Amino acid sequence: MGGNPIELVPVPPTDPTKSTTQGTAMSTTKRPAGDGSGTEQILAEVLAGVVKTDHVPLDSHFFDDLGANSLVMAHFCARVRKRDNLPPVSMKDVYGHPTIRSLAAALSDAPAEAPVAPPAKAPAPGSTSRYVLCGAAQLLVFAAYCFLAGLVTVEGYQWINAGSGAVDVYLRSVVFGGAVFTGMCVLPVVAKWVLVGRWKATEFPVWSLTYLRFWTVRSLLNASPVRLFTGNPLYVLYLRALGARIGKGVTILSPALPVCTDLLTIGAGTVIRNDSSFLCYRAVAGRVQTGPVTLGRDVYVGEKTVLDIGTSMGDGSQLGHTSALFEAQTVPAGHRGHGSPAEPTDVDYVRLPEAHCSTARRAAYGLASLLQLLLVYVPLTVGGGYLLLGLTPRLKALFDPDTADLTSLRFYAEALGLSLALYTATIVVGLATVTLVPRLLNLVIRPNRVYLLYGPHYSAQRAVTRLTNRKFFKWLCGDSSYIVHYLRAIGYDLSHVEQTGSNFGTETQHENPYLVSVGRGTMVADGLSVLTADYSATSFRVSRASIGAHSFLGNHIAYPAGGRTGENVLLATKVMVPLDGELRENVGLLGSPPFEIPRSVERDSSFDHLREGDEFRRRLAAKNRYNLRSMALFLFVRWLHSFLLTVLGFAAFAVYGTHGVAAGSLVGASLLLGLVLTAGYYVLVERLITRFGRLVPRLVSIYDPHFWWQERLWKVPVDFLVVFNGTPFKSLLWRLLGVRIGRRVFDDGAIITERTLTTIGDDCTLGAHSKIQAHSQEDGTYKSDHIVLGAGVTLGTGALVHYGVSMGDGSQLAPDSFLMKGEDVPCLARWGGNPAVALRGDQIPHTAQTAAHTAQISTGAVR
């Protein structure tokens, strides 16, 4: 690959007697005590300016007495950081010491940490010409892929069409479908070895020729159907074919395919849970940096974790859920870590015994699943569609090339009828499938019983997970009263639910819905993942996960079975749910690792009167009626999109009937045009819903009509944007959707929930799976505000930026970090953590240490 290589310097071995997972030790020198009373007065003056009062008593509680909230205290922390005569204050300090007197004492007695990390280097402005040329080249690559797909589709259709009888059509479908499946899996492997060879630790600018090769390989990997084999031994074999060094008995449950696979090392017996990110690259300040991720033998990596480049875990080590290893961070052999960034813990995350799972068992399971796919699912998809078309001889305007006429009204009428029939049948059959089939499969699975991996029980559990996590019905019913009925239908225990009209969002996930219990009056914002299964390298077990009554769960939370939370608990966005300690009740939890915060504040209770008595019943009924109209609109918008694609597809078919020589080009062009149509269609739908206006910051009840309208806006699909990740076209689409976005922005897979409340400067870098969320919903209150990212800002992989945030030019947010509402990040500052704070100097390794540091793990890790 091109670009300047990074020098490889091993990280010094960590002393196992030190209580840290960081590659470098932290200073424990005490801060000078100073004049405590002077610090108290200055802090009181700063807080008085924030809350707009003349005097703040030193012993007044920030939240209970002064009525402050996290947004107000974030502004307080920002102002304190700007005072040279005060030590920095974080939100964790504020929650832990909620009076001026206790906060001043804590700051005076706290150990002196390493100095704040030096400023980031301001990224140089990108080249507009290189940006445009790269986009043009990416368009050509994508067009070539569509042309190849079109050519293969036409040839395959002609060959299947020549078959006689159902058996012949089935056999031809098996051969053709198997060839297509094999080709889609093999093409990324060939492209990787031809275009790149072996990945090495290096860095290169985005929009360069080297980046184009990188993007091509990554895009082909993301299009590969090998994701269907997540949790299967075949998935591990595929990564080995791509160059990864992986030992025996490794189980990978995360579908996030690593890109720079030659830099991935995984020892025997390691388990990587779902939604874990170990890409072996990252994007920083307009450059892509590649580096190793090294896991030893018998390592456990929990759910919703991020492993940055240059990270390692020793033999037998563990990383808990909702955690991250920052660059150059290591967990020594036999140690356990959790948090973002990870710190030492005594919690054992491997909670079930090992069993004997032979190589023969794994091989048989992989072979059986491959045969099932090739002999059942693929021919049903390929040949089933062909047979369906053969059963509709009356639709001559569509299926007979000799009579198809694009100017005929009958052509469009038949397309409308066919699309409506298929759309309705898909919904009816899909609903029956997700509610009935998993119940039958679940009969063979007993809670709290340990089963071997890669057997019939494992197959049943994986099938239950896949079938009951279909997104369509959750998107349809989410953010309304009707999601409760759907979740009950697929197995949730909601027998004591108290209807709020917004009990669950649209992206609730689970491993086994029949073991999920949610208490009365509990509300879930969005992105909840309920972990009802435990895994070792050889076995698994399912058990009940119970979420307490009258609680509120924010966004992107992994809730494990055995979570130590009870009733009336606030779980903040991206919080780590504890598995140890006392049962938390009547409190709030924030951060990873978690710490306690107030359950609620005065601002969040200002709309409580709308949740009681006749007023509540009247508003809930009005919300239900509005949500029904939103659901009807959702169904109509989706159907109209399918109708347009039907017309486009059969138009290509009609032209192909008279121009056979150009068949492949025409079908390929229809695929490319279909993507353009999809993007333009959903952009138009969203802008019509907003009436081509812009959102304004709000603080309203969830029973306010504005919030119902906002829920309708969230139902507009943006999944199509994933195709445009890493290309200039995604910035163009964000701009069309209302984002104020600058030039040459590199978006590697970000999500922006409130487009018209977001401003992004020139040359920003948005990491994979990052999220810009300009709203919050806590209990019955909805809040939104602007988010402003200055020029050259970097968001790391999996980072989340909350509403009311401002990030100065050139500032950087580390991977998996949570930048809380109201924070003001200075220019060129480096922040990270959950919640995010200014990083220390010892948390930023020297540039030469960004790549491989395998000294912590023996060279015999893979066996």
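The values are calculated or read from the model by the stated rules, or taken from the named source; none is laboratory data. Everything numeric in this text was worked out from a predicted model, so none of it was measured. We place every Cβ from the backbone using ideal geometry, glycine too, and count neighbours over all the protein chains shown. We work out accessible area using only protein heavy atoms, side chains counted, and drop any ligands, DNA or RNA first. Shrake-Rupley method; radii C 1.70, N 1.55, O 1.52, S 1.80 Å.
Ranked by the mean number of other Cβ atoms within 10 Å of their residues, highest first, the peptides 420-431, 452-463 come out as 452-463, 420-431. The length gained on full extension between TRP159 and ASP54, counted as 0.36 nm times the residue separation minus their Cα-Cα distance, comes to 29.5 nm. For the pair LEU228 and LEU452 in one chain, pulling the backbone fully straight at 0.36 nm per residue adds 78.6 nm over the alpha carbon distance. Over the residues of the chain, the helix contribution to mean residue ellipticity at 222 nm works out to -12500 deg cm²/dmol, using -39500 (n - 2.57) for each DSSP H run of at least 4. Can you work out the FRET efficiency for the pair ARG618 and VAL676, with r the C-beta to C-beta distance and R0 = 56 Å, to the nearest 0.05? Efficiency for this residue pair is about 0.80. Based on DSSP, what percent of beta bridges with both residues in region 523-640 are antiparallel, to the nearest 5? Counting DSSP beta bridges with both partners in region 523-640, the antiparallel share is about 40 percent.
Solvent-accessible surface of the chain, averaged per residue with a 1.4 angstrom probe and all protein chains in place: 39 square angstrom. When peptides 530-543, 245-258, 489-502 are ranked by their average number of other Cβ atoms within 10 Å per residue, the highest-first order is 530-543, 245-258, 489-502. Amide hydrogen proximity for ARG287: with H placed 1.01 Å from N in the peptide plane, the residues at 5 or more positions away or on another chain lying under 5 Å are VAL206.
Projecting the Cα atoms of LEU66, GLY178, SER806 onto the dipole axis of the chain, where Lys and Arg carry +1 and Asp and Glu carry -1 at the beta carbon, places GLY178 farthest toward the positive end. Accessible area of TRP193 (1.4 Å probe, protein heavy atoms only, ligands and nucleic acids ignored): about 100 Å².
Against the longest alpha carbon principal axis of the chain, how many degrees, from 0 to 90 and to the nearest 10, is the axis of helix 165-195 turned? That works out to roughly 40 degrees.
Unpaired cysteine residues in the chain (no second Cys Cβ under 4.7 Å): CYS77, CYS134, CYS146, CYS185, CYS357, CYS477, CYS764, CYS827. Positive end of the dipole of region 687-828 (Cβ unit charges, origin at the Cα centre): among THR690, PHE818, HIS706, the Cα lying farthest that way belongs to THR690.
Classification of region 482-587 by its C-alpha gyration tensor yields an oblate form. The axis ratio a/c (a ≥ b ≥ c) is 1.5 or more, and b/c is at least a/b. In the chain, the DSSP beta bridges split such that about 35 percent are antiparallel, to the nearest 5. Treating cross-link reach as a plain straight distance, find the lysines whose alpha-carbon is under 23 Å from the alpha-carbon of LYS304, omitting any fewer than eight places away in the same chain. Hits, sequence-local ones excluded: LYS92, LYS471, LYS474, LYS574, LYS771, LYS821.
Which angle between 0 and 90 degrees, to the nearest 10, do you get for helix 613-658 versus the longest principal axis of the chain when only C-alpha atoms count? Between helix and principal axis, roughly 40 degrees.
For the chain, the carbon plus sulfur part of the accessible surface works out to 61%, probe radius 1.4 Å. Cβ-Cβ distance of ALA137 and ASP719, R₀ of 22 Å, FRET efficiency by 1/(1 + (r/R0)^6): the value works out to about 0.30. Ordering of 790-800, 262-272 by packing is 790-800, 262-272, highest average first (other Cβ atoms within 10 Å, averaged per residue). Rounded to the nearest 10 degrees, the inclination of helix 705-714 to the longest alpha-carbon principal axis of the chain is 60 degrees. Between LEU237 and PHE692, the modelled labels are 5.6 nm apart [label points 7 Å from Cα along Cα→Cβ].
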